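The values are calculated or read from the model by the stated rules, or taken from the named source; none is laboratory data. Small disclaimer: the values here were computed from a predicted structure and weren't measured. With ideal geometry, Cβ positions are generated from the backbone for all residues, glycine too; neighbour counts draw on all protein chains shown. Note: accessible area is taken over every heavy atom of the protein model, side chains too, but ligands, DNA and RNA are not part of it. Shrake-Rupley method; radii C 1.70, N 1.55, O 1.52, S 1.80 Å.
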Amino acid sequence: MPVKELGADRLSARLDPGKVPADDSRGLESSADSYDQFQPRALQAFRMALAISGTKHNVYLSGEPNLGRSYFVREYFKVRAEKQETPPDWIYLHNFDDSDRPLALSLPAGKGKDFKNSLGDAVSAIREKLPSWFERENHIKAHERISRDFQDERDELFSQMEDMAASKGFSLEVDEGGGLTLLPLIEGRILNDEEFERLDPNLRKQIRGTADDLLAEVTAVLRQINRTEEGFRSDERKLHQDSARELLTEQLGLLRDEFGEHERILGYLDSLEEEILDNIDLFMNRESSQKTQILQLPGQDSNPVDDLFARFDVNLLVDHSSTAGAPVVVEDHPTAFNLLGSIERESEMGALYTDFTLIKPGSLHRANHGYLVLYAEDVLTSSASWEGLLRALRTGHARIEDPGESEQIRTKTIEPEPIPLDLTVILIGSESTYELLLYNDERFGKYFKLKAQMQVSVERTPANIRRFLDVAGIIITGSELPPFSREALAGLVDYSGRLEEDQKKLSLRFPVLKERMVEAAALARMEGKELVDGDCLREAVAMRDFRSNLYEDEFMTEYDREVIKVETSGNGIGRANGLSVTLFGDYEFGLPHQISCSVGVGHGGILDLEREANMGGPIHTKGMMIIKSYLLGLFAQDKPLVMTGSLCFEQSYAGIEGDSASGAELAALVSALAGVPISFSYAFTGAISQSGAVMAVGGVNRKIEGFYEVCRRRGLTGGQGVLIPADNAVNLMLRPEVVGAVERGEFHIYPVKTVEQALTILTGMKVGRRSAKNGRYPSGSLYRLVDDRLAELARMAREAEKGPDCDRKSGKSGK
């Protein structure tokens with residue numbers, strides 16, 4: 001059955017601008033759900049994530065780049081998070097029982113900042129008022145009263161000691177340092193040392209004994225005086241504490257009233273009050289405090305009072321005072337510090353110091369009770385980040401630790417109280433990364449149970465076209481672009497189809513589409529247009545290709561100079577034009593190649609020169625094996641397939657991979673075997689099966705356009721064209737100039753289903769079918785020539801094998 005070439009109407013899908021449901025983009029709807037409907041699998045996973053709390057059902061969003069993954073996640077959860085309850089604030093406070101383990105407390109949203117400000121005001125007032133608080137009249141009178149009572153008791157005890165000394169003939173003297181001296185009295189007069197030494201030895205001995213006994217009695221009284229002084233100091237301290245407690249109760253009372261429902265806050269305020277009262281001595285003597293400040297070493301920035309009040313700071317770790325709903329945090333740089341939090345240090349006199357005020361939050365803390373968006377490739381670059389994330393999800397707590405290695409010398413640090421977690425992590429990555437994690441880290445499957453897979457395209461239905469245009473309208477509005485005309489909007493739909501290389505699908509690579517839209521808008525502004533029209537969009541696409549096609553242009557120059565030997569007219573035996581695609585960066589283009597084949601007698605089979613030179617990939621090698629299988633099925637049913645042949649990509653200096661040229665390779669081989677020339681006006685792309693079916697290949701548009709460009713540069717003859725798999729007809733989204741050439745009859749595209757159809761077009765001969773009666777192909781058919789040639793090669797191989805050995809066995813001589 002002859003193959004009918006494709007008409008111009010089947011070479012591309014074009015949307016009629018009249019079917020655009022608006023005069024321009026300003027008339028399009030801007031529903032936030034338009035894009036969501038394109039991703040049903042991801043949408044289902046997101047809905048589950050919203051419904052399940054805890055840290056075990058997190059999401060892995062799997063999709064290719066340029067699908068707008070980040071935007072999709074951010075916008076979906078942002079809209080829904082705004083309707084959820086705003087999470088609490090988190091603060092860190094000094095732990096008065098163990099300063100190395102700061103306390104983590106939660107407060108309702110906005111209350112953390114209120115508590116920090118209110119406590120700061122109260123503490124400042126306490127510090128300012130407390131020293132003068134002890135100068136009030138009632139406090140001074142109470143202090144004078146206990147001082148007077150102490151002094152009276154002390155004087156009485158000293159008088160008692162003096163009486164004891166006088167009764168035993170001694171005088172008691174007390175120096176400024178509180179030291180006691182017993183001096184003997186003789187006839188009411190104090191003896192000096194010389195007079196004492198002139199006394200009778202027995203008398204001196206008696207006086208010394210009496211003095212020792214008296215000293216023991218006086219020492220007992222001294223101990224009583226010390227106890228009295230200790231009691232006074234205790235009473236004095238209690239007086240100051242009781243007096244200060246009035247001020248503390250007054251200043252902290254408002255805090256207790258405002259935060260009375262938070263037991264841990266009340267407990268903290270009680271501990272703060274006791275801490276001040278325990279250090280009340282710092283405020284009892286201003287002169288002592290000033291002396292301490294004067295004696296500070298150079299470089300010291302604090303004194304004991306500063307150190308005391310530094311403990312009363314509030315570290316507002318997470319502040320949701322301005323947050324509406326649940327947080328959605330996108331962490332673009334997930335280092336261990338940025339993700340898990342950190343404990344910073346300050347240098348003080350050459351030493352590193354830290355405390356609870358230097359605890360810094362990570363994105364885990366900011367996203368708590370909300371959603372944390374991470375990029376898999378970024379997280380996996382830091383093992384500390386990945387391990388810390390999994391540990392947090394496993395324990396359900398965010399623990400801030402020093403990330404130091406165990407064998408390193410560690411500086412003194414703190415251990416902040418862990419914060420309970422209740423959040424959903426959305427990990428964005430590729431499908432290959434998902435499989436890598438799933439197969440190599442068993443923890444991944446435990447904590448990322450929801451896979452959200454994004455599709456790259458949707459069916460080109462009227463409903464999807466409407467949604468597609470709505471998304472385009474959102475991009476135009478969000479990027480503040482000029483309005484797009486009907487023609488430009490229709491062009492966006494068509495460009496989407498070309499990106500997907502499918503007439504019945506729309507590409508969802510909206511970031512790529514946005515790039516062209518921004519460039520088209522820039523051209524419109526440069527030309528002073530109020531609307532972005534179709535010409536601007538087409539020019540933007542063409543300019544993008546021009547900026548990237550340097551290597552393609554250089555290749556085309558080599559074709560023009562015939563440095564690369566590819567013929568586009570005439571014919572030849574054992575040669576065919578194949579097509580390939582080449583990718584430089586993000587730009588793909590097609591190039592024709594001459595594929596040649598030679599055959600001869602031997603048992604070498606079909607040699608793949610690319611593989612022999614280690615330049616062919618495994619898929620290309622498989623294609624060669626399929627060619628051998630195809631030939632066996634057709635021509636080795638009544639005889640062995642004995643031949644030596646070689647296939648080669650001429651002027652190929654790089655690796656070759658893929659099986660899309662296996663059809664052209666088979667055509668060259670058949671041509672060489674049959675001795676029938678192939679027309680160089682055609683190029684052939686397509687993979688083959690063992691049964692001879694021509695199967696779909698990739699990059700078909702670029703391949704056609706590549707061969708068309710070579711033909712155009714050399715001059716179109718009207719007989720040139722490309723053979724493609726029939727299954728690829730739906731993938732045709734060719735450039736307008738190629739479509740126009742086909743419409744004018746200058747270029748042709750043939751969809752072939754079988755190798756036999758392709759060979760008929762390439763050689764101009766009927767292939768022929770094997771007869772069921774005699775097992776032979778029709779005389780004059782292409783395959784009859786091939787079959788006869790293979791039979792001849794088999795016969796010649798057998799004769800070559802017999803040779804001299806057969807002659808000797810038959811008794812013949814060489815004479």
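Suppose we filter 66, 58, 117 for residues that are buried (at least 18 other Cβ atoms within 10 Å of the Cβ) and either out of contact with any Phe, Trp or Tyr (no Cβ under 6 Å at 6 or more places or on another chain) or under 30 Å from residue 469 (Cβ atoms) (or both); which single one remains?
Details: 58 fails: either out of contact with any Phe, Trp or Tyr (no Cβ under 6 Å at 6 or more places or on another chain) or under 30 Å from residue 469 (Cβ atoms) (or both); 117 fails: buried (at least 18 other Cβ atoms within 10 Å of the Cβ).
When all the criteria are applied, what remains is 66.
Looking at 521, 542, 463, which is the one that is of a type in the set (A, V, I, L, M) and in contact with a Leu (Cβ under 6 Å, 6 or more places away or on another chain)? Before the answer, list the steps.
On the way: 542 fails: in contact with a Leu (Cβ under 6 Å, 6 or more places away or on another chain); 463 fails: in contact with a Leu (Cβ under 6 Å, 6 or more places away or on another chain).
So the residue among 521, 542, 463 that is of a type in the set (A, V, I, L, M) and in contact with a Leu (Cβ under 6 Å, 6 or more places away or on another chain) is 521.
For the subset of segment 615-640 comprising residues that are closer than 23 Å to residue 674 by Cβ, assigned to a helix (DSSP H, G or I) and touching a helix residue (DSSP H, G or I) at 6+ places or on another chain (Cβ under 9 Å), which member is modelled with the lowest pLDDT?
Just the residues of segment 615-640 that are closer than 23 Å to residue 674 by Cβ, to begin with: 623-640.
With the extra rule that they be assigned to a helix (DSSP H, G or I), the set shrinks to 623-635.
Those left that are additionally touching a helix residue (DSSP H, G or I) at 6+ places or on another chain (Cβ under 9 Å): 623-624, 626-627, 630-631, 634-635.
Details: 623: 79, 624: 83, 626: 88, 627: 87, 630: 88, 631: 88, 634: 87, 635: 86.
For segment 615-640, the residue satisfying everything is 623.
Provide a single number: the residues in segment 746-785 that are under 24 Å from residue 703 (Cβ atoms) and open to solvent by 30 Å² or more (accessible area, probe 1.4 Å).
9
One residue is enough: does segment 356-364 have a residue meeting the conditions under 19 Å from the mean Cα position of the chain (by Cα), over 18 Å from residue 428 (Cβ atoms), modelled with pLDDT of 95 or more and outside any loop (DSSP other than H, G, I, E, B)?
Among the residues of segment 356-364, not one is under 19 Å from the mean Cα position of the chain (by Cα), over 18 Å from residue 428 (Cβ atoms), modelled with pLDDT of 95 or more and outside any loop (DSSP other than H, G, I, E, B), which makes the answer no.
Which of the residues that make up segment 777-801 are more than 21 Å from residue 598 (Cβ to Cβ) and touching a Gly at 6+ places or on another chain (Cβ under 9 Å)?
777, 778, 779, 780, 781, 784
Okay, residues lined up against (1) out of contact with any Ser or Thr (no Cβ under 7 Å at 6 or more places or on another chain); (2) farther than 29 Å from residue 791 by Cβ:
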{"position": "656", "(1), (2)": "yes, yes"}
{"position": "692", "(1), (2)": "no, no"}
{"position": "702", "(1), (2)": "yes, yes"}
{"position": "716", "(1), (2)": "yes, yes"}
{"position": "720", "(1), (2)": "no, yes"}
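Name the pairs whose Cβ atoms lie under 7 Å apart, with the first residue in segment 1-23 and closer than 30 Å to residue 766 by Cα, the second open to solvent by 30 Å² or more (accessible area, probe 1.4 Å) and β-branched (Val, Ile, Thr), and 6 or more positions between them or separate chains?
3/761
Go through the residues of segment 142-159 one by one and say whether even a single one is open to solvent by less than 80 Å² (accessible area, probe 1.4 Å) and within 30 Å of residue 314 (Cα to Cα).
No - not one qualifying residue is present in segment 142-159.
Quick test for you: out of 251, 224, 241, pick the one residue that is in a helix (DSSP H, G or I), surrounded by 12 or more Cβ atoms within 10 Å (Cβ to Cβ), under 51 Å from the mean Cα position of the chain (by Cα) and not charged (D, E, K, R). Give the derivation first.
Working: 224 fails: under 51 Å from the mean Cα position of the chain (by Cα); 241 fails: under 51 Å from the mean Cα position of the chain (by Cα).
That would be 251, the only listed residue that is in a helix (DSSP H, G or I), surrounded by 12 or more Cβ atoms within 10 Å (Cβ to Cβ), under 51 Å from the mean Cα position of the chain (by Cα) and not charged (D, E, K, R).
Would you confirm whether any residue within segment 175-182 is more than 21 Å from residue 232 (Cβ to Cβ) and either at pLDDT 70 or above or part of a strand (DSSP E or B) (or both)?
Yes, segment 175-182 has at least one match.
Residues to consider are 612, 588; find the one that is out of contact with any Asp or Glu (no Cβ under 6 Å at 6 or more places or on another chain), among the charged types (D, E, K, R) and at pLDDT below 85.
612
Just to verify a result, which residue in segment 334-355, among those that are touching a residue at least 40 places away in the same chain (Cβ under 8 Å), in contact with a helix residue (DSSP H, G or I) (Cβ under 7 Å, 6 or more places away or on another chain) and not in a helix (DSSP H, G or I), is nearest to residue 72 (Cα to Cα)?
Applying the filter and picking the extreme gives 334.
Return the residue satisfying two criteria in turn: it lies in segment 452-467 and is in contact (Cβ under 8 Å) with a residue 60 or more places away in the chain and open to solvent by less than 70 Å² (accessible area, probe 1.4 Å), and of such residues it is nearest to residue 367 (Cα to Cα).
Ranking the qualifying residues of segment 452-467, first place goes to 452.
Quick one: which residue in 558, 552, 539 is modelled with pLDDT of 95 or more, of a type in the set (Asp, Glu) and either open to solvent by less than 30 Å² (accessible area, probe 1.4 Å) or not in a loop (DSSP other than H, G, I, E, B) (or both)? Steps first, please.
Values: 558 fails: modelled with pLDDT of 95 or more; 552 fails: modelled with pLDDT of 95 or more.
539 is the lone residue from the list that is modelled with pLDDT of 95 or more, of a type in the set (Asp, Glu) and either open to solvent by less than 30 Å² (accessible area, probe 1.4 Å) or not in a loop (DSSP other than H, G, I, E, B) (or both).
If residue 503 meets every condition in (1) under 20 Å from residue 703 (Cα atoms); (2) free of Cβ contacts under 8 Å to residues at least 60 places away in the same chain apart from one, which number is that one?
(2)
Within segment 96-112, can one find any residue that is of a type in the set (Ser, Thr, Tyr) and assigned to a helix (DSSP H, G or I)? Talk me through it step by step, then tell me what you get.
First, the residues of segment 96-112 that are of a type in the set (Ser, Thr, Tyr): 99, 106.
Still in the list and also assigned to a helix (DSSP H, G or I): none.
No, segment 96-112 contains no residue that is of a type in the set (Ser, Thr, Tyr) and assigned to a helix (DSSP H, G or I).
Which one is nearest to residue 457 (Cα to Cα) among residues in segment 482-500 that are in a helix (DSSP H, G or I) and open to solvent by 10 Å² or more (accessible area, probe 1.4 Å)? Walk me through how you get there before you give the answer.
In the first step, residues of segment 482-500 are kept if they are in a helix (DSSP H, G or I); the result is 486-500.
Next cut, open to solvent by 10 Å² or more (accessible area, probe 1.4 Å) only: 486-487, 491, 494-495, 498-500.
Numbers: 486: 23, 487: 22, 491: 17, 494: 13, 495: 13, 498: 12, 499: 10, 500: 7 Å.
Across segment 482-500, the extreme among qualifying residues is 500.
Considering (1) open to solvent by less than 20 Å² (accessible area, probe 1.4 Å); (2) among the polar types (S, T, N, Q); (3) under 26 Å from residue 780 (Cα atoms), say which one residue 598 fails and leave the rest.
Just one mismatch for residue 598, condition (1).
Considering (1) buried (at least 17 other Cβ atoms within 10 Å of the Cβ); (2) in a strand (DSSP E or B), say which one residue 582 fails and leave the rest.
All conditions are met except number (1).
Within segment 1-22, which residues are surrounded by 13 or more Cβ atoms within 10 Å (Cβ to Cβ) and either in contact with a Lys or Arg (Cβ under 8 Å, 6 or more places away or on another chain) or in a loop (DSSP other than H, G, I, E, B) (or both)?
Those that are surrounded by 13 or more Cβ atoms within 10 Å (Cβ to Cβ) and either in contact with a Lys or Arg (Cβ under 8 Å, 6 or more places away or on another chain) or in a loop (DSSP other than H, G, I, E, B) (or both): 3, 5, 6, 11, 12, 13, 14, 15, 17, 20, 21, 22.
Mind checking whether some residue in segment 185-207 is of a type in the set (Lys, Arg), on the phi < 0 side of the Ramachandran plot, in a loop (DSSP other than H, G, I, E, B) and modelled with pLDDT under 75? Working first, answer last.
The first filter runs over segment 185-207 and keeps only residues of a type in the set (Lys, Arg), leaving 189, 198, 204-205.
Going one step further and asking which of them are on the phi < 0 side of the Ramachandran plot, we end up with 189, 198, 204-205.
Subsequent filtering for residues that are in a loop (DSSP other than H, G, I, E, B) retains 198.
Restricting the remaining residues to those that are modelled with pLDDT under 75 gives 198.
Checking segment 185-207: at least one residue is of a type in the set (Lys, Arg), on the phi < 0 side of the Ramachandran plot, in a loop (DSSP other than H, G, I, E, B) and modelled with pLDDT under 75.
Determine, yes or no, whether residue 75 is within 30 Å of residue 721 (Cα to Cα) and either in a helix (DSSP H, G or I) or open to solvent by 60 Å² or more (accessible area, probe 1.4 Å) (or both).
Details: within 30 Å of residue 721 (Cα to Cα): no; either in a helix (DSSP H, G or I) or open to solvent by 60 Å² or more (accessible area, probe 1.4 Å) (or both): yes.
Judged against the criteria, residue 75 is not a match.
Which residues, taken from segment 710-733, are buried (at least 20 other Cβ atoms within 10 Å of the Cβ) and touching a helix residue (DSSP H, G or I) at 6+ places or on another chain (Cβ under 6 Å)?
Of everything in segment 710-733, those that are buried (at least 20 other Cβ atoms within 10 Å of the Cβ) and touching a helix residue (DSSP H, G or I) at 6+ places or on another chain (Cβ under 6 Å) turn out to be 710, 720, 722, 723, 724, 728, 731, 733.
If residue 395 passes every condition in (1) within 29 Å of residue 454 (Cβ to Cβ); (2) among the polar types (S, T, N, Q); (3) open to solvent by 30 Å² or more (accessible area, probe 1.4 Å) but one, which one does it miss?
(1)
So, residue 663, is that one of a type outside the set (Val, Ile, Thr), surrounded by 15 or more Cβ atoms within 10 Å (Cβ to Cβ), assigned to a helix (DSSP H, G or I) and on the phi < 0 side of the Ramachandran plot or not? Walk me through how you get there before you give the answer.
Numbers: of a type outside the set (Val, Ile, Thr): yes; surrounded by 15 or more Cβ atoms within 10 Å (Cβ to Cβ): yes; assigned to a helix (DSSP H, G or I): yes; on the phi < 0 side of the Ramachandran plot: yes.
Here the answer is yes, as residue 663 does meet what is asked.
With 99, 31, 53 as the choices, which residue is surrounded by fewer than 16 Cβ atoms within 10 Å (Cβ to Cβ), closer than 30 Å to residue 412 by Cα, among the small types (Gly, Ala, Ser) and touching a residue at least 24 places away in the same chain (Cβ under 8 Å)?
Values: 31 fails: closer than 30 Å to residue 412 by Cα; 53 fails: closer than 30 Å to residue 412 by Cα.
That would be 99, the only listed residue that is surrounded by fewer than 16 Cβ atoms within 10 Å (Cβ to Cβ), closer than 30 Å to residue 412 by Cα, among the small types (Gly, Ala, Ser) and touching a residue at least 24 places away in the same chain (Cβ under 8 Å).
With the checklist (1) over 32 Å from the mean Cα position of the chain (by Cα); (2) closer than 23 Å to residue 71 by Cα in hand, flag the one item residue 35 doesn't pass.
Just one mismatch for residue 35, condition (1).
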